[in-house]
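Step one of this worksheet: look at the structure below.
The values are calculated or read from the model by the stated rules, or taken from the named source; none is laboratory data. Note that the coordinates shown come from a computational prediction; the quantities given were computed from them, not determined experimentally. As a convention, Cβ positions derive from the backbone with ideal geometry for all residues, glycine included, and neighbour counts pool all protein chains shown.
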Amino acid sequence: MRLIQLTSSYNLFQTLNFEPKLNIIVGKKILKDDKKQTSNGIGKSLALICIDFMLGKGSKSKEIKKLKEVLKKESIILTLSFEHNGTNYEVSRSDSKIWLFESLYDKESDYIDFLDALLGIDYSFRNVFCRYFRTNTESYIEAINQVTTNEDGYKNNVINAYLLGLDLEFLEKKKLLKIEDKRLKLLLKELKALQKNVDKEKEYELSEKLKKIESNLSKFTIEKDFKNLKQEADTLTNKLQKLRNNIAYHNREIRSKKNIISINHQTDIDVNKLKKMYDEANFFLDKDILNHIEAVKEFHETLFKNRKNRAIKDIDKLEKSVKIIEKESIVLDNRRSEIFKYLENKGALEEYHSLNKEKDIIKETLADMQSNEKSINKFKKDQADIKLKIDKFKRELIDFEESLQERIAFLGKSFREISEEFYDDKPGFLNIEILDNFITEKLYKIEPEIKGDGSDGIKEMKIFIYDMLLYKLNSNLIGLVGHDNRLFDMVDERQIAKAFEYTHSNLSQYICSISDTKFNEAKLHSEIDFDKFVIQNLNEKKKLFGFDFDK
């Protein structure tokens, strides 16, 4: 990959035109005597962040969040042109949209897929690109932590191992065994909990009780006619209940009939009084009317007498029926009592069922206890199996480590050769060890070393040299390296000059930002005219976006 241009729809944006080899973005002070004025905040670091954003860096980074906020607020579109494997591409991004040439990507993930396809390897473009293009502040703390010190340990180890050409098979095996090792610890925890729940004394007592119940059940005899008698008793109970209900119904009818007798009688009518009442009212009653009144009185007396007689007959019939039912109930109740008395002296079915129920409960409890014991045994086997796998892996690692010595020696020598370009008296070395413990998923302990690397400047150069090694080993993978001015802040100017010389001679493309103070001092230590590699001079009056980005 080779960057060609970073430009913008915003007319004050300082376009960056990239060249092969060395590309330097310098942050200048306008007034050299003004001690309050610095080259900070004018866009040196922001330039690299914009490139990273254009090549898929996500919004988890606070710098990218800030960049997208500004792009949205000012309606700015950034455009990056680059070449990869002989093909030119042009990507444009706003705060929320991405175009490849004129084609709009519906989703950001589709654009990421496009970038992944450019590399054509098993790892994502972003996972690899960030190893060569450091923009995070934390990426300048340790050489192998190119993203952040909090990056997933396995991911960091596998990508660095891949770029160093180290075997990845055992790394994957260790990851899987680490999962097994974690499961082993959980098994041990569960094992201890289960062992606490195993009560051998209680298990013995329940086993003895079960034997006794089973022995009693084997001797328990139930009369052959027990079941039939039990069914007959149940039938008698149902019949008795129906008879009692019938008696209650008959008694209600008797009470109803008696009530009819008590309230049904004719009120006597005194005709003479009625005549006198009408005489006093000067009302004339003839003989026919009086005869009619006498007839009505006689009719009602006959009606009430007949109703009373019928009720008396009904009561007599009902009372006789009740006596018959009561006699039948006595017979049935006596028969049921005989059956119950008979069953009491025989093998009771309820008792048999009760013993069986108790037996089932004990068997279920014992089954649970024995299941715990089986689980304990299984856990012990799993524990032993996992330990065997880990021990076998550790044994294989011994042979594996021996087979890697040639590659490790080559990497150490390669790192040393690059470091000798900068330090004749402090040769560097890349120390690689195999981690056979399972405290971490990492298999490789990768430590770039330079004598005297306790000082900040040497520590930063160790990062630079490690990145140069990764580029040298994979020059056709990404094809460029990018460093922020943070890398050079504490580095001796002579080393900065050598770094520029090295990248100009050995890299297809190198992009960096630097303060004018460091840049000017570095120029004094080289015969190369670094000014011709400056692609942009930024200052307080000429900021990357033309305005104060942090406000």
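Before moving on, here are some points about what is shown:
- Restricting region 405-462 to residues that are surrounded by fewer than 16 Cβ atoms within 10 Å (Cβ to Cβ) and among the basic types (Lys, Arg), the residue that is nearest to Glu493 (Cα to Cα): Lys426
- Exactly one residue out of Ile398, Ile408, Ile361, Ile418 is in a helix (DSSP H, G or I) and at pLDDT below 90: that is Ile361.
- Filtered residues of region 495-517 (kept if over 49 Å from the mean Cα position of the chain (by Cα), within 26 Å of Arg131 (Cβ to Cβ) and either of a type in the set (Val, Ile, Thr) or modelled with pLDDT under 95 (or both)): Gln495
- Options Ile98, Ile51; residue that is under 14 Å from Gln5 (Cβ atoms) and either touching a Pro at 6+ places or on another chain (Cβ under 7 Å) or surrounded by 20 or more Cβ atoms within 10 Å (Cβ to Cβ) (or both): Ile51
- When Ser61 is tested against the conditions (1) free of Cβ contacts under 8 Å to residues at least 24 places away in the same chain; (2) out of contact with any strand residue (DSSP E or B) (no Cβ under 6 Å at 6 or more places or on another chain), the lone failure is (1).
- Flag if Ser218 is assigned to a helix (DSSP H, G or I), closer than 30 Å to Asp382 by Cα, at pLDDT 70 or above and among the hydroxyl-bearing types (Ser, Thr, Tyr): no
- Among residues of region 479-502, those that are closer than 16 Å to Glu460 by Cα and either part of a helix (DSSP H, G or I) or in contact (Cβ under 8 Å) with a residue 60 or more places away in the chain (or both), counted: 16
- Flag for Ser139 being surrounded by 12 or more Cβ atoms within 10 Å (Cβ to Cβ), in a helix (DSSP H, G or I), among the small types (Gly, Ala, Ser) and on the phi < 0 side of the Ramachandran plot: yes
- Test for Ile260: is it farther than 30 Å from Glu205 by Cβ, surrounded by 11 or more Cβ atoms within 10 Å (Cβ to Cβ) and at pLDDT 75 or above: yes
- Restricting region 147-182 to residues that are in a loop (DSSP other than H, G, I, E, B) and touching a residue at least 24 places away in the same chain (Cβ under 8 Å), the residue that is surrounded by the fewest Cβ atoms within 10 Å (Cβ to Cβ): Gly165
- Tabulated pairs, region 321-340, first acidic (Asp, Glu), second part of a helix (DSSP H, G or I), C-beta under 9 angstrom, 6+ apart or interchain: Glu326/Leu243; Glu326/Ile247; Glu328/Lys239; Glu328/Leu243; Asp333/Leu236; Asp333/Leu240
- Pairs, first under 28 Å from Ile386 (Cβ atoms) and at pLDDT below 70 in region 186-205, second surrounded by 10 or more Cβ atoms within 10 Å (Cβ to Cβ) and basic (Lys, Arg), C-beta under 8 Å, six or more apart: Leu191/Lys380
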